[in-house]
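The values are calculated or read from the model by the stated rules, or taken from the named source; none is laboratory data. As the structure is a computational prediction, the values presented were derived from the model and not from experiment. Cβ sites come from the backbone with ideal geometry, for glycine too, and all protein chains shown count toward neighbours. Areas reflect the complete protein model, heavy atoms only, side chains present, ligands, DNA and RNA absent. Shrake-Rupley method; radii C 1.70, N 1.55, O 1.52, S 1.80 Å.
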Amino acid sequence: MADIYNDVSVSTRSKLAIIFEGDGDVDEVTDNLAYDGSVAVSDFNSATQFEFLSESISKQEPMQYNGGIRGTRSKNHERVRKVAHVVQGSIEMTPTPAELDKIFYWTTGTSTSPYALLETVPTVAIIVDRTAQRFMYTGCKIAQLSIGGQQGGLIRAQMNIIGKQETVSASAFPTLTIDDKEPYVFSEAVFAHGGDTYEINSFEIQIDHDIQADRQMNSLYRRRLPAGDRTVTLSLGMPYGSTLFNKFAAMDEAGLDNATLTVTNGTVSFTATFANIKSNNVSPVSGGRGSEIMMPVQFTAYKKGSTMELVLTNDSTHGS
């Protein structure tokens, strides 16, 4: 009799690593590490391993019944076929400065700091060791990156992933080293504009590439993942006051130029610089009894002249 309890996989023992595939241009159909979408664990021997809080990357391969009429209420199994193979999910982590170098590269397309937004989005391959087997995902893109936090906590990053193919292997996870430096704390964040700094109780920077995920054409797999209309936003929780309201929640169409959000820990830091930001004018509300009145301000970032809507500067060099 088979032992149905033979394999027990606990997520505490899971591992995750990411490796660069290609620059995401028109040749992205051949960016996959083995060019046919099938990869081996050994292809990840030079990948970057990340400590992560959670991941949900998975293959979704629906089967479709033809729905035909044949004189019975039963459905015959011969009329069922696989119709698609898609990969998607998310990774959440509290990244170190060195890990942010990789995340910013794979999100913006610029390989070194300062990271300016490019027209193409790189492709990466991801391997997840779920203890019993290794799951490898090729042709992936960071469709959306969110970095933020709130008072009393750590800075978190979430990458929403869209990919092409999954390969499963029993081979051992490669021997890799995780960066051992500290993550950032929210209290190290500063929002500034025009030489002034402002109190905030939360922030979120989001880059949304609007990846077109439905381009399979005559294939079970996604052939390409072209980027659509990019949107960059900055959300802030700010205390309500007449001066802050007039500047941030009742602004005119000119918006604000060169606002920055900086997080610093000793000799390491990252700064998000926004060429121009504008917010919808939304009035604050009182909320519950005894609570501080806050202004949840959401800015959209815009390119101004030749300056991209967002430039990310990352100093990941720790002092001695």
Could you work out the per residue convex hull volume over the alpha carbons of the stretch 45-164, in cubic angstrom? 183 Å³
For the chain, what is the charge dipole size about the Cα centre, in debye to the nearest 20, if Lys and Arg each add +1 at the Cβ and Asp and Glu each add -1 at the Cβ? 1380 debye
Give the calculated FRET efficiency between LYS303 and SER11 to the nearest 0.05, with a Förster radius of 56 Å applied to their Cβ-Cβ distance. 0.85
What is the ratio of the Cα radius of gyration of the stretch 166-249 to 2.2 N^0.38 Å, where N is its residue count, to two decimals? 1.82
Which of rounded, prolate or oblate describes the stretch 256-320 when judged by the alpha-carbon gyration tensor and an a/c cut-off of 1.5? oblate
Place +1 on the Cβ of every Lys and Arg and -1 on the Cβ of every Asp and Glu in the stretch 142-269, take the dipole about the Cα centre, and give the residue among ALA249, SER169, ILE211 whose Cα lies farthest towards its positive end. SER169
Hey, which lysines would be in cross-link range of LYS247, C-alpha to C-alpha under 29 Å, not counting anything within fewer than 8 residues on its own chain? LYS278, LYS303, LYS304
Identify all lysines with a Cα-Cα distance to LYS15 below 28 Å; exclude those on the same chain that are fewer than 8 residues away in sequence. LYS59, LYS102, LYS141, LYS164, LYS181
If I stretch the segment between SER171 and SER90 completely, what's the gain in nm (0.36 nm per residue apart, minus their alpha carbon distance), one decimal? 26.8 nm
Counting only protein heavy atoms and rolling a 1.4 Å probe, one gets per residue an accessible area for the chain in Å² of 53 Å²
Toward the positive end of the charge dipole of the chain, about the Cα centre and with charges on Cβ (Lys, Arg +1; Asp, Glu -1), which of SER316, THR138, ASN258 goes farthest? THR138
Cα Rg over Rh - the stretch 208-320, Kirkwood: 1.12
Potential lengthening between VAL26 and ARG81 on full extension [0.36 nm per residue; Cα-Cα distance subtracted]: 16.7 nm
If one takes the longest principal axis of the Cα atoms in the chain, at what angle in degrees, from 0 to 90 and to the nearest 10, does the Cα axis of helix 97-108 lie? 70 degrees
Would any residue of the stretch 87-107 have its amide N under 20 Å from a label point 7 Å out along Cα→Cβ of GLN212? List them or say none. 87-88
May I ask you to derive the relative contact order of the chain, considering only C-alpha pairs under 8 Å and at least 6 residues apart, and to give it as an integer percent? 17 percent
Rh by Kirkwood over Cα pairs, then Stokes-Einstein D for the chain at 1.002 mPa s and 20 °C, µm²/s: 98 µm²/s
